[in-house]
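Input: a single structure, listed below in structure tokens.
Nothing in this text is a laboratory measurement; each read-out follows from the coordinates by a stated rule. No experiment lies behind these values; they were computed from the predicted model shown. Positions of Cβ are backbone-derived with ideal geometry, glycine not excepted, and every protein chain shown enters the neighbour counts.
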Amino acid sequence: MNAGRDITLPVVDEIAKCLEEHKLIIGTGGGARSRHVLSIAIDIGMRTGVLAELAQADALGNAHILGTLLVPYGVVAIPPKVGSIPPHRTDAGSLLLSECFGCKRLTLVTDVDGLYDKDPNKNSGVTLIDGISVSDIKKWI
């Protein structure tokens, strides 16, 4: 990303070609921008936890840029409708990662007994959903 569009866009094109035949998990780092920010942060005495947050912010920014450039090739991000916290959280993240890896099974350890029509930790009178189809889920969306 640091090198600009003349370098980044051909890389995006190559990733797009790979996506035609392969499922990919793409990791991004912060690059030169992070090294510069970390250098300044260290010089002014920032603690390790702050350095980690700064590095993560640049890597996440690069991930958003790359994800946006790959949207025409089927790469999607899950933005929140309201606020800055995606509503899907770790349950959906676990499902998406297992799908990317082509896992036959996903075991999700959680603090509820299954799928409910509302969050059982925040609502009373919830209904446990024993089974559900994709078309039923689409009705909720």
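Check every DSSP H run in the chain and write down those whose alpha carbon atoms cover 30 angstrom or more along the long axis and whose mean Kyte-Doolittle hydropathy is -0.5 or greater.
Those that clear 30 Å and a mean of -0.5 are 48-69.
Find the relative contact order for the stretch 1-77 and round it to a whole percent, using C-alpha pairs within less than 8 Å whose residues are 6+ positions apart.
36
Please check the chain for the longest run free of GluC sites (Glu not before Pro) that are loop-located per DSSP (anything but H, G, I, E, B) and have at most 15 other Cβ atoms within 10 Å.
So the longest stretch without any such site is 22-141.
With viscosity set to 0.692 mPa s at 37 °C, what whole-number translational diffusion coefficient in µm²/s follows for the chain from Stokes-Einstein and a Kirkwood radius over Cα pairs?
Taking Rh from Cα pairs, D becomes 175 µm²/s.
What longest range of the chain stays clear of loop-exposed trypsin sites (Lys or Arg not before Pro) (DSSP non-H/G/I/E/B, at most 12 other C-beta within 10 angstrom)?
Details: sites that count: K23, R47, K81, K104, R105, K118, K122.
With trypsin sites (Lys or Arg not before Pro) excluded where exposed in loops, the chain gives 48-80 as its longest stretch.
If the chain between V112 and S135 were fully stretched, how many nm would it gain, using 0.36 nm times the residue separation less the Cα-Cα distance?
Length gained, V112 through S135: 5.9 nm.
Toward the positive end of the charge dipole of the stretch 1-77, about the Cα centre and with charges on Cβ (Lys, Arg +1; Asp, Glu -1), which of G61, G27, G45 goes farthest?
Projecting each Cα onto the dipole axis, the largest value belongs to G45.
Only Cα pairs under 8 Å and at least 6 apart count here; give the relative contact order of the chain as a rounded whole percent.
Here the relative contact order equals 17 percent.
Which distance in nm do the two modelled labels at D13 and S39 give, with both placed 7 Å along the Cα-to-Cβ direction?
3.2
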